[in-house]
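Each remark here refers to the structure printed beneath this line.
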Amino acid sequence: MSLEQEINKRKTFGIIAHPDAGKTTLTEKLLLFGGAIQEAGAVKSNKIKKGATSDFMEIERQRGISVATSVLAFEYKGKKINILDTPGHKDFAEDTYRTLTAVDSAIVVIDVAKGVEEQTIKLVEVCRMRNIPMLVFINKMDREGKDAFDLMDEVETKLGLSVTPLSWPIGIGATFKGIYNIWEKNINIFTGDNKQKISETTQIEDLTSPDLDKLIGENYAENLRNELDLVNGVYPEFDQQEYMKGNLQPVFFGSALNNFGVRELLNAFVDIAPTPQSKETDVRIVEPYENKFSGFVFKIHANMDPKHRDRLAFVKIVSGKFERNTNYLHVRQGKSMKFASPNAFFADKKEVVDESYAGDIVGLHDTGNFRIGDTLTSGEKFNFKGIPAFSPEHFRYINNADPMKAKQLEKGIDQLMDEGVAQLFTLEMNNRKVIGTVGALQYEVIQYRLEHEYGAKATYEPFSVHKACWIEVEDENTEEFREFKRVKQRYLARDKYNQLVFLADSAFTIQMTQEKFPSVKLHFVSEF
Ligand code: G4P
C-alpha cells in the first residue's frame, strides 16, 4: 500500500460526553463491530466511582485503567479507526483538552433524558474553537427522555451547534420502536434483546409505501412520515464540506447499551469522518502526506511501577511514516533520538511496531526527555502549535517538608509537570513555587506521587488566586509596562516555558488592571 493509501485508511477521533452519558458503553460497542473484542464488559470505565475508597487511591486506580484505554484501535470496512480516550471527570478536563489536539474528529454523546450537560458544553467549546468536525449521538433511547425535536433545539442553543439528523427515532422509552436511518434510507427495528448481536435492517426506499405501516403499525408510520416532513422542512440537508469545516453536525439516535443505532453511527462515521488533517507549526503548515515523519507529544503517562521511573509519551503522527530504530529530531532539546520499542495500540493491548502512519498514535518509552507539546521531526526545525495551557482553577504554594530531599522534590515536581498533572508557576519576586490545578484532587495525587515515586515530602499553603493570566505586550520597554511590573510584582510569575504570568486574585483585579494598563494584554490560555 502506498503512503497515501495507508494514511487515507486512518480515522482518529475522540468521544466527548458528560460522565454517565454512555461513552464507555458506546466505545465497547464500536469495538465489537470492529471484531476487536469478543464480549461486552471488556472495556473498563475510566471514571471515578463515587464513594469508592479514598479519592487519590481512586485516581491511582483510574490512572492504571487509563493506560489501558488511552488509545483503542480497530479495523472496520477497510479503515483503521483510532479512538483516543478522553476522561469525563471535570478534574481531568485539561487532559481531555490536550487529547482533543490529537483527534481529527469527535463524537459527542448525549443522554436523552439529561440532555446537554455541563462537561459536554465545555468540551464542545474546545472542539468548536478548533473547528473539529463533530457527530452527535443521542443515547439511551430505550429510556424515557426528551422529545427529539426539543433535544435538537437544546443541542443548537446550549452547544452552539448547527445540527441535522441522519437518523430519526420512532417512539421513545417504553414505546421505542426503532430508528429510521435517513443516511441509508432503511429502518432498524428495536427488540431490546440484541445487546451482543448486530440487528437486521429493512430497506424502505419510499416512505409512502404500505410496507412501512406493516412494519411498525399505522400510527407509528403516520407519525414518522409527519416528523420526517418536519425534519426536511426545518433542518438543512447534510453537507460534507460544512461538516468538515465544523459548521454542521449530523445527529444520530440509539441505545449504546442495546447496541442499537450504533451501526448507523459507525457506518456514517466511516463514510464522512475526516482522514488525518494538516497541522499548523510555528514555521509552516504540515500536510499528512509529506514523506517525512513529524509528530507531537499530547500525553505522558508515568509508569505504574514507582520503582521504574520510565514513562510512556503518546505521540500523534502528523505526517509521513514513523519507523522503529530511526533517528528523529527532538526539536526543543535539539537532539537526535531513536526508539527501539515504540508501541502501537490495539483494542485491548499494545505491541511493539516497526512502522506507523500519519493519524496513528505511537507510545514512546521515555526517561524524562519529553514534555507535553514537544515536537519530533525527521530533522526539520518547527514546533506544532495548538497545545495551550488553560488557566488552572486552584492555586497553592508548595513547600519542601524534608530539607534533605530538596533535589528529589525538585525533580519530582519537574516530571509531574511535564506529564501535565498540574501547572507550575515560579514567583518572580522570591522564586516560591505555586502549583495550579483544574481540580482539588490533583493536590493529593501530587503529594502522594512525590512521596511514593520520588521519596520527597511536600506541604501546601493557601494562595488566593482567581486566574492565571498570560501576558502579551508589544513592547517591553514602555513606561506603562514597567509601571505594571512594579505595581504587580508580588503577583508576577513564570510558567514552565518561562512565559510571564500575572496571578490575579479576583475578576475585579483583572478588570481594573486592564483599564489601567491597556497595552498589557491578559490571556487565560498560554497560546495566543
Ligand atoms: P460514561 O462512560 O459516559 O461515564 O458512561 P457508561 O458507558 O459507563 O454508562 C453509564 C451508565 O449508563 C451505565 O449504567 C450504562 O450501563 C448505562 N447506559 C449506557 N448506555 C445506555 C443505554 O443505551 N440505555 C440505558 N438504559 N442505559 C445505558 P450503570 O448502572 O452506571 O453502570 P453498569 O453498572 O451498568 O455498568
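The values are calculated or read from the model by the stated rules, or taken from the named source; none is laboratory data. Just so it is clear, the model here is predicted, and its values are computed rather than measured. Here Cβ is always computed from backbone atoms with ideal geometry, including for glycine, and neighbour counts include all displayed protein chains.
So that you can scan it fast, the table gives a plain yes or no per residue for (1) in a loop (DSSP other than H, G, I, E, B); (2) of a type in the set (Ser, Thr, Tyr):
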{"site": "Leu329", "(1), (2)": "no, no"}
{"site": "His365", "(1), (2)": "no, no"}
{"site": "Gly379", "(1), (2)": "yes, no"}
{"site": "Pro392", "(1), (2)": "yes, no"}
{"site": "Tyr397", "(1), (2)": "no, yes"}
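State whether the residues of the stretch 265-278 include one that is within 16 Å of the ligand (Cβ to nearest atom) and either farther than 30 Å from Thr326 by Cα or part of a helix (DSSP H, G or I) (or both). Give the derivation first.
Taking the stretch 265-278 and keeping what is within 16 Å of the ligand (Cβ to nearest atom), we get 265-266.
Now narrow it down to the ones that are either farther than 30 Å from Thr326 by Cα or part of a helix (DSSP H, G or I) (or both): 265-266.
Yes.
Among Ala504, Ala468, which is the only one that is touching a His at 6+ places or on another chain (Cβ under 7 Å) and of a type outside the set (Ser, Thr, Tyr)? Write out each step before concluding.
Details: Ala468 fails: touching a His at 6+ places or on another chain (Cβ under 7 Å).
Within the list Ala504, Ala468, the selection yields Ala504.
Given (1) modelled with pLDDT under 95; (2) under 28 Å from Ala313 (Cβ atoms); (3) within 16 Å of the ligand (Cβ to nearest atom), where does Lys29 come up short, assuming only one miss?
Tallying (1) modelled with pLDDT under 95; (2) under 28 Å from Ala313 (Cβ atoms); (3) within 16 Å of the ligand (Cβ to nearest atom), Lys29 fails exactly one: (2).
Please identify the pairs in which a residue from the stretch 220-241 that is more than 21 Å from Val155 (Cα to Cα) has its Cβ atom under 7 Å from the Cβ atom of a residue that is surrounded by fewer than 17 Cβ atoms within 10 Å (Cβ to Cβ), counting only partners at least 6 apart or on another chain.
Once the first residue is more than 21 Å from Val155 (Cα to Cα) and sits in the stretch 220-241, its partners that are surrounded by fewer than 17 Cβ atoms within 10 Å (Cβ to Cβ) give Ala221/Asp213; Arg225/Leu207.
Does Gln249 fit the bill of being farther than 22 Å from Ser356 by Cα, under 25 Å from the mean Cα position of the chain (by Cα), away from the ligand (no atom under 16 Å from the Cβ) and of a type in the set (S, T, N, Q)?
Here the answer is yes, as Gln249 does meet what is asked.
Among the residues of the stretch 1-26, what is the count of those that are surrounded by 23 or more Cβ atoms within 10 Å (Cβ to Cβ), part of a strand (DSSP E or B) and of a type in the set (Lys, Arg)?
0
Out of the stretch 88-105, which residues are more than 14 Å from the ligand (Cβ to nearest atom) and of a type in the set (Phe, Trp, Tyr)?
Answer for the stretch 88-105, where residues must be more than 14 Å from the ligand (Cβ to nearest atom) and of a type in the set (Phe, Trp, Tyr): just Tyr97.
Of all residues in the stretch 117-152 being under 22 Å from Tyr180 (Cβ atoms) and among the β-branched types (Val, Ile, Thr), which is nearest to the ligand (Cβ to nearest atom)?
Ile138
Those residues that are within 24 Å of the chain's Cα centre (by Cα), within 21 Å of Glu184 (Cβ to Cβ) and part of a helix (DSSP H, G or I), I need them from the stretch 120-155; list them, please.
Keep residues of the stretch 120-155 that are within 24 Å of the chain's Cα centre (by Cα), which gives 120-140, 151-152, 154-155.
The next check asks that each one be within 21 Å of Glu184 (Cβ to Cβ); those that pass are 133-139, 152.
Across the stretch 120-155, the qualifying residue is only Met152.
Mind checking whether some residue in the stretch 252-259 is hydrophobic (A, V, I, L, M, F, W, C) and surrounded by fewer than 17 Cβ atoms within 10 Å (Cβ to Cβ)?
Scanning the stretch 252-259, I find no residue that is hydrophobic (A, V, I, L, M, F, W, C) and surrounded by fewer than 17 Cβ atoms within 10 Å (Cβ to Cβ), so the answer is no.
Does Lys158 qualify as being under 32 Å from the mean Cα position of the chain (by Cα) and either part of a helix (DSSP H, G or I) or at positive phi (or both)?
Details: under 32 Å from the mean Cα position of the chain (by Cα): yes; either part of a helix (DSSP H, G or I) or at positive phi (or both): yes.
Judged against the criteria, Lys158 is a match.
Which numbered condition trips up Ser199, out of (1) modelled with pLDDT of 80 or more; (2) surrounded by 13 or more Cβ atoms within 10 Å (Cβ to Cβ)?
Only one criterion in (1) modelled with pLDDT of 80 or more; (2) surrounded by 13 or more Cβ atoms within 10 Å (Cβ to Cβ) is unmet by Ser199, namely (1).
So in the stretch 496-515, with the set limited to residues that are under 30 Å from the mean Cα position of the chain (by Cα) and of a type in the set (Ser, Thr, Tyr), which one is modelled with the lowest pLDDT? Reasoning before the result, please.
Going through the stretch 496-515, the residues under 30 Å from the mean Cα position of the chain (by Cα) turn out to be 496-507, 510.
Filter again for of a type in the set (Ser, Thr, Tyr), leaving 497, 506.
Numbers: Tyr497: 87, Ser506: 96.
In this case the residue turns out to be Tyr497.
How many of the residues in the stretch 436-470 are part of a loop (DSSP other than H, G, I, E, B) and in contact with a Leu (Cβ under 6 Å, 6 or more places away or on another chain)? Before you say what the answer is, go through the steps one by one.
Going through the stretch 436-470, the residues part of a loop (DSSP other than H, G, I, E, B) turn out to be 438-440, 455-457, 463-466.
With in contact with a Leu (Cβ under 6 Å, 6 or more places away or on another chain) added as a condition, the list becomes 456, 465.
Selection size over the stretch 436-470: 2.
Tell me which residues, restricted to the stretch 302-329, are modelled with pLDDT under 95, more than 13 Å from Asp360 (Cα to Cα) and buried (at least 17 other Cβ atoms within 10 Å of the Cβ).
Those that are modelled with pLDDT under 95, more than 13 Å from Asp360 (Cα to Cα) and buried (at least 17 other Cβ atoms within 10 Å of the Cβ): Ala302, Arg311, Leu312, Ala313.
Restricting to the stretch 185-196, and then to whatever is modelled with pLDDT of 85 or more and not in a strand (DSSP E or B), can you tell me which residue is surrounded by the most Cβ atoms within 10 Å (Cβ to Cβ)? I'd like the intermediate steps shown before the answer.
First pass over the stretch 185-196, keeping only residues modelled with pLDDT of 85 or more: 185-190.
Subsequent filtering for residues that are not in a strand (DSSP E or B) retains 185, 190.
Values: Lys185: 12, Phe190: 21.
Only one residue fits best here, namely Phe190.
Output yes when any residue across the stretch 58-71 is in a strand (DSSP E or B), at pLDDT 60 or above and closer than 20 Å to Ile372 by Cβ, and no when none is.
Keep residues of the stretch 58-71 that are in a strand (DSSP E or B), which gives 71.
Those left that are additionally at pLDDT 60 or above: 71.
Pick out the ones that are also closer than 20 Å to Ile372 by Cβ and you get 71.
Among the residues of the stretch 58-71, at least one is in a strand (DSSP E or B), at pLDDT 60 or above and closer than 20 Å to Ile372 by Cβ, which makes the answer yes.
Look at the stretch 416-446 and say how many of its residues are of a type in the set (S, T, N, Q) and in contact (Cβ under 8 Å) with a residue 40 or more places away in the chain.
Looking only at that region, the number is 4.
Mind listing whichever residues of the stretch 81-111 are assigned to a strand (DSSP E or B) and of a type in the set (Val, Ile, Thr)?
Ile81, Ile83, Ile107, Val108, Val109, Ile110, listed by residue number.
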